[in-house]
Structures are given as structure tokens and as C-alpha cells.
Amino acid sequence: MKSETINLYKTNKNSIFRIVSVPRIELLESLGLRVGTLVEVQNRYALGGPVLLRVEERYSVAVGKDIAAQIAVTEVESA
């Protein structure tokens, strides 16, 4: 069963997702946010705040709401 694609800003906390598409923003590439990357949503701050991600279980980055809404992901089933 294939997971549905949603934008990163609409994801649930403490879930793991695989990036399906990202906007063409050079900074995202340098942060390791590219198609196929696994990210864990650590927190989504209220009132339009950023999304805190754990990238490939190595480091954390915060992505603003407007950018997170442009990143498409699918949920990865936990092992």
C-alpha cells in the first residue's frame, strides 16, 4: 500500500517521512533536504512557526512554514 503524498508542514510530530519533491532552493540542497532523504518531524511550532526536522538520523534543522509547505513527503512505516 502506497502512502499518500502530503506537504511537510501538514505532517505529524514524531513521524518519519521520505522526501518526494523539494523546491529549487540551493540552501535546501546544502542542508541535505533532497528527493529520497528520510526526515523525522521532531516538532511543528504553533502560529505558523518552523518545522524542526531530524535529517537522516544525523542532525537537526528548522525549516520555515512557507518552505515546508512546498516540500512533498510520504510517510515511512516504522520498523
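The figures follow:
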| item | result |
| --- | --- |
| Segment 1-12 - residue that is closer than 20 Å to Pro50 by Cβ and outside any loop (DSSP other than H, G, I, E, B) and, of those, most open to solvent (accessible area, probe 1.4 Å) | Lys10 |
| Qualifying position, being surrounded by 13 or more Cβ atoms within 10 Å (Cβ to Cβ) and out of contact with any helix residue (DSSP H, G or I) (no Cβ under 7 Å at 6 or more places or on another chain), among Ser15, Ser21 | Ser15 |
| Any pair with Cβ under 7 angstrom, 6 or more apart, that starts in segment 25-38 at a residue that is charged (D, E, K, R) and ends at one that is open to solvent by less than 60 Å² (accessible area, probe 1.4 Å) and not in a loop (DSSP other than H, G, I, E, B) | Arg34/Ile19 |
| Segment 35-79 - residue that is outside any strand (DSSP E or B) and among the basic types (Lys, Arg) and, of those, surrounded by the fewest Cβ atoms within 10 Å (Cβ to Cβ) | Arg58 |
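The values are calculated or read from the model by the stated rules, or taken from the named source; none is laboratory data. What you are looking at is a predicted structure, and each value in this text was computed from that prediction instead of being measured. Methodologically, a virtual Cβ is constructed for each residue, glycine included, from the backbone with ideal geometry; neighbour enumeration extends over all protein chains shown. Remember, those area values only see protein heavy atoms, side chains included, never the ligands or the DNA or RNA. Shrake-Rupley method; radii C 1.70, N 1.55, O 1.52, S 1.80 Å.
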